[in-house]
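See below for the structure under consideration.
The values are calculated or read from the model by the stated rules, or taken from the named source; none is laboratory data. For clarity, every value in this text was computed on a predicted model and none was experimentally measured. Cβ placement follows ideal geometry from the backbone for every residue including glycine, while neighbour counts extend to all protein chains displayed.
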Amino acid sequence: MFHDFNLPESSWITLLSIAHRYDFLDIYKRAVYELFDRPAGGRQSSGPAPDPSYAELISVAEKYDVPLQHVLPSIVALVMRPEPFTEVEVVHLSTLTICRLARAREEYLRTTVRRSLISREGVALDIVRNIWGAAQS
């Protein structure tokens with residue numbers, strides 16, 4: 001879709017910020033693609049850990065008005081993750097987002113206690129869409 005031009009994640013976040021502020025639509029779309037939609041294997045991370053920081057991506061999405069459809073995979077990953085949030089992750093998130101995530105995680109756990117692993121992602125996706133969709137109305 002795009003040329004073979006790659007930057008570290010932190011640089012894409014900076015470009016997203018500039019594009020959002022000055023309404024550079026093409027750059028905005030490219031930065032959103034690179035941060036949220038590009039397959040994980042194609043990303044260059046600035047840190048040693050290959051796993052994306054979902055909390056940071058969610059925070060960036062809120063700050064720069066990234067449409068929910070691009071952020072859903074990051075939100076669902078946090079909802080489904082068995083580990084609790086770390087202090088570092090919580091620092092990136094707004095109070096409203098933490099409340100929504102906690103509600104989604106609680107509902108997800110209640111709903112999926114006796115379900116197979118395959119059907120859990122669909123449940124998590126429905127819960128996230130319900131909570132975030134209701135909040136936007």
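Find the residue count for the stretch 90-109, including only residues that are at pLDDT 90 or above, surrounded by 12 or more Cβ atoms within 10 Å (Cβ to Cβ) and farther than 17 Å from Val128 by Cα.
To start, the set of residues in the stretch 90-109 that are at pLDDT 90 or above comprises 90-91, 93-109.
Among the residues that remain, those that are also surrounded by 12 or more Cβ atoms within 10 Å (Cβ to Cβ) are: 90, 93-94, 97-109.
From the residues that got through so far, the ones that are farther than 17 Å from Val128 by Cα too are 90.
Of the residues in that region, 1 qualify.
Could you check, for the stretch 73-88, whether at least one of its residues is within 23 Å of Leu15 (Cβ to Cβ) and either exposed (fewer than 15 other Cβ atoms within 10 Å of the Cβ) or not hydroxyl-bearing (Ser, Thr, Tyr) (or both)?
In the first step, residues of the stretch 73-88 are kept if they are within 23 Å of Leu15 (Cβ to Cβ); the result is 73-75.
Subsequent filtering for residues that are either exposed (fewer than 15 other Cβ atoms within 10 Å of the Cβ) or not hydroxyl-bearing (Ser, Thr, Tyr) (or both) retains 73, 75.
Taking every residue of the stretch 73-88 in turn, at least one turns out to be within 23 Å of Leu15 (Cβ to Cβ) and either exposed (fewer than 15 other Cβ atoms within 10 Å of the Cβ) or not hydroxyl-bearing (Ser, Thr, Tyr) (or both).
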Within the bounds of the stretch 112-126, is there any residue that is modelled with pLDDT of 95 or more, part of a loop (DSSP other than H, G, I, E, B) and outside the structural domain of Ser11 (by TED's automatic domain parsing)? no
